[in-house]
Amino acid sequence: MVLLADGDAFVGAITSIPDAASDEEAVVAYAEAEPATIAPGESEREAFDRALANPHRRVVVLGDDGQLLGLVCLNRSRTGFCQSG
């Protein structure tokens, strides 16, 4: 998943680009404008449940004014959150 922002403002999330996509078209044309989201003050359980309900296992974290704050994702086994490094 690629998250798109205009400054701090969330624009959309790209989960795939079709093989037949035009090389001239802006990537924002392939963005999902309303993916699963969560506010930073919501519980870990709520984040887990929303990610579990999402086919991509990912939930975008947005602030009150629509600013992009991050991404929560589940591991492949859907037993916990993804971890880096």
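The values are calculated or read from the model by the stated rules, or taken from the named source; none is laboratory data. Note that the structure is predicted; figures quoted are calculated from it, not measured. Here the Cβ is made from the backbone with ideal geometry for all residues, glycine too, and neighbour counts use every protein chain on show. These accessible areas exclude ligands, DNA and RNA; they are computed on the full protein's heavy atoms, side chains included. Shrake-Rupley method; radii C 1.70, N 1.55, O 1.52, S 1.80 Å.
The figures follow:
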| quantity | calculated |
| --- | --- |
| Count of residues meeting criterion [in contact with a strand residue (DSSP E or B) (Cβ under 7 Å, 6 or more places away or on another chain) and either closer than 18 Å to V2 by Cα or not charged (D, E, K, R) (or both)] in segment 49-68 | 12 |
| Condition check for I17: open to solvent by 60 Å² or more (accessible area, probe 1.4 Å) and in contact with a helix residue (DSSP H, G or I) (Cβ under 7 Å, 6 or more places away or on another chain) | yes |
| Unmet criterion (only one of (1) at pLDDT 85 or above; (2) surrounded by 13 or more Cβ atoms within 10 Å (Cβ to Cβ)) for Y30 | (1) |
